[in-house]
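First comes the structure, then the notes that go with it.
The values are calculated or read from the model by the stated rules, or taken from the named source; none is laboratory data. The shown structure was predicted, so the numbers you read here are calculated from the model rather than taken from an experiment. Please note: Cβ atoms are built from the backbone with ideal geometry, for glycine as well, and neighbour counts cover all protein chains shown.
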Amino acid sequence: MKKYIIQSIRLTLVLIVLLCIIYPISIALAGKLSSGKGDGEKIAKNGKTIGYALLGQSFTKPEYFWGRPSAVAYNAAGSAGSNKGPSNPDYLKEVQFRIDTLLKYNPGLKKSDIPADMVTASGSGLDPNISEQGAAIQIARVAKARKINEEKVKELVAMNTLKPLLGLFGPSSVNVLKLNVALDNL
């Protein structure tokens, strides 16, 4: 029995060194070697950081593309979903309100054209991206509010569309903050 206790203690010590010291240090070093130096990709406007590429933000003005709704009001400290099921009356009211808002601000849009990501919050509540269809349904509103040609806005959406990883994994998406900064830079 003494033999197994000593082996267990050795294995525990090896795993503590490996998983509590070596692994975290290697991950921190990999982060520091990345493009954002481990702090994430900062988005700047006029030399001032206005957000991060991996965190969603609230945009409500008609001249901006709107992002995916957030169950936590885009508070990164409280990242979470709503935990409300599809039969919850409060949840259904929230979704209907979001649908009504999109229909109100995007004339000519049909309810059947609204993608799910534009009316449902993500699991984290901080999703920075919307689907290509989510961006496409907003082009006319944004172009009209900014008094610019719709084709120019379509081109900007196309330039800011992220394709699936290796052309296989995940859907195409559009980072809302990057797209809105590009709009402001027009």
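Only one of the listed residues (Ala136, Ala121) is hydrophobic (A, V, I, L, M, F, W, C) and touching a Pro at 6+ places or on another chain (Cβ under 8 Å). That residue is Ala121. Sub-6 Å Cβ pairs linking a first residue in segment 145-170 that is assigned by TED's automatic domain parsing to the domain that holds Pro62 to a second residue that is in a loop (DSSP other than H, G, I, E, B) and small (Gly, Ala, Ser), at least 6 apart or interchain, are Thr161/Ser172; Lys163/Ser172; Pro164/Gly170, ordered by first then second residue. Here Tyr64 meets the list (1) over 16 Å from Leu183 (Cβ atoms); (2) within 20 Å of the chain's Cα centre (by Cα); (3) of a type in the set (Ser, Thr, Tyr) almost entirely, failing just condition (1). Scanning segment 109-132 for residues that are of a type in the set (A, V, I, L, M, F, W, C) and not in a loop (DSSP other than H, G, I, E, B) gives Ala116, Met118, Ile130. Checking every residue in segment 86-102 against the condition of being out of contact with any Ser or Thr (no Cβ under 6 Å at 6 or more places or on another chain), in the same structural domain as Val72 (by TED's automatic domain parsing), part of a strand (DSSP E or B) and over 28 Å from Ala44 (Cβ atoms) gives zero matches. If only residues of segment 22-74 that are in a loop (DSSP other than H, G, I, E, B), surrounded by fewer than 17 Cβ atoms within 10 Å (Cβ to Cβ) and hydroxyl-bearing (Ser, Thr, Tyr) are counted, the one that is modelled with the lowest pLDDT is Ser35. Kindly evaluate Asn129 against the criterion of being within 17 Å of the chain's Cα centre (by Cα) and in the same structural domain as Pro107 (by TED's automatic domain parsing). Yes: the conditions hold for Asn129. Counting only residues that are at pLDDT below 90 and in a strand (DSSP E or B), segment 141-172 holds 3 of them.
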